[in-house]
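The values are calculated or read from the model by the stated rules, or taken from the named source; none is laboratory data. Computed from a predicted structure; not experimentally measured. Neighbour counts run over all protein chains shown; Cβ positions are idealised from the backbone, glycine included. Just so you know, the surface numbers come from the protein's heavy atoms only, side chains and all, with ligands and any DNA or RNA stripped out. Shrake-Rupley method; radii C 1.70, N 1.55, O 1.52, S 1.80 Å.
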Amino acid sequence: MDADSLLLSLELASGSGQGLSPDRRASLLTSLLLVKRDYRYSRVLFWGRILGLVADYYIAQGLDADQLAPRKTLYSLNCMEWSLLPPATEEMITQTSVVKGRFMGDPSHEYEYTELQKVNEGDKAYEEEIVIRIKEETRLVSIIDQIDKAVAIIPRGALFKSPFGPTHVNRTFEGLTLSEAKKLSSYFHFREPIDLKNKTLLEKADLDPSLDFMDSLEHDIPKGSWSIQMERGNALVVLRSLLWPGLTFYHAPGTKNCGYIYVGTGEKNMDLPFML
């Protein structure tokens, strides 16, 4: 959700029970403006909150003029002091995939797990147990990146791609109509396309290259991983992810008000295919 309209956005997303205390809201309003000024971002998004056993991580993201450029991620424990996280790498994601369970809420906390590695000494080969330590900060980077790639979404038309390449906020976007808002095909993944590149020219024939340049939610696997609900007498559409419980997207049809927030434990619902 956009930090410039934080209070309205929190009000629209409150139907899922994702709220903040008045002092946290006041702190975020002030500190996110300073983050935008100090880091010279084009936009700042309040990404959400990852719940820990000792403390919670409040997450914000900074966007450049090109909306699909890699986003800079920051975290805070008190909504006032923000620390920049490093970009996620494949090595980080592979390394942290063995860590299960809740976050502690301490960035310096280290998870330990043992790995068997083959050691050759002359003609003899044997397995040796090696203890590998993973910092919680590394796990935090990995989980945020996975959630962004899987369930960060935006309505069709909110961004447009210029002929020269960069993607910008569409100033003429006035929201989806009520009938469009009820369809999964009206929502895109807020990242660089993956499936779109594999489509044939015939499949791309009906697409508008300036608007339909991201992957649509209707082709997500497993099918049924999104819940669409109309609230407040059809004045608000809410999408909830069943794959990453805690991700809520909201949009008021006919207005520019839209965004998403994640409030959860940072755990993926691996049982979803068996629940559908």
Checked against (1) at positive phi; (2) surrounded by fewer than 17 Cβ atoms within 10 Å (Cβ to Cβ), residue 115 satisfies every condition except (1)
Restricting attention to region 48-60, report how many residues are open to solvent by less than 20 Å² (accessible area, probe 1.4 Å) and within 13 Å of residue 28 (Cβ to Cβ).
4
For region 159-186, pairs from a residue that is free of Cβ contacts under 8 Å to residues at least 12 places away in the same chain and more than 19 Å from residue 43 (Cα to Cα) to a residue that is open to solvent by 40 Å² or more (accessible area, probe 1.4 Å) and of a type in the set (Val, Ile, Thr), with Cβ under 8 Å and 6 or more apart or across chains, are none
Quick one: residue 45 ticks every box in (1) open to solvent by less than 30 Å² (accessible area, probe 1.4 Å); (2) farther than 19 Å from residue 260 by Cα bar one, so which box is it?
(2)
Among the residues of region 216-251, count how many are open to solvent by 10 Å² or more (accessible area, probe 1.4 Å) and either over 13 Å from residue 176 (Cα atoms) or aliphatic (A, V, I, L, M) (or both).
22
Are any residues in region 107-131 in contact with a helix residue (DSSP H, G or I) (Cβ under 8 Å, 6 or more places away or on another chain) and among the small types (Gly, Ala, Ser), and if so, which ones?
108
Within region 173-209, how many residues are under 22 Å from the mean Cα position of the chain (by Cα), part of a helix (DSSP H, G or I) and at pLDDT 75 or above?
4
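Here's the yes/no breakdown for (1) in contact with a helix residue (DSSP H, G or I) (Cβ under 9 Å, 6 or more places away or on another chain); (2) in a helix (DSSP H, G or I):
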| residue | (1), (2) |
| --- | --- |
| 30 | no, yes |
| 33 | yes, yes |
| 62 | yes, no |
| 69 | no, no |
| 81 | yes, no |
| 105 | yes, no |
Report yes if residue 160 is under 23 Å from residue 66 (Cα atoms) and in a strand (DSSP E or B), otherwise no.
yes
What tally of residues in region 83-103 results from selecting those that are open to solvent by less than 40 Å² (accessible area, probe 1.4 Å), touching a strand residue (DSSP E or B) at 6+ places or on another chain (Cβ under 7 Å) and in a loop (DSSP other than H, G, I, E, B)?
2
Please find, among 88, 65, the residue that is of a type in the set (Gly, Ala, Ser) and modelled with pLDDT under 85.
65
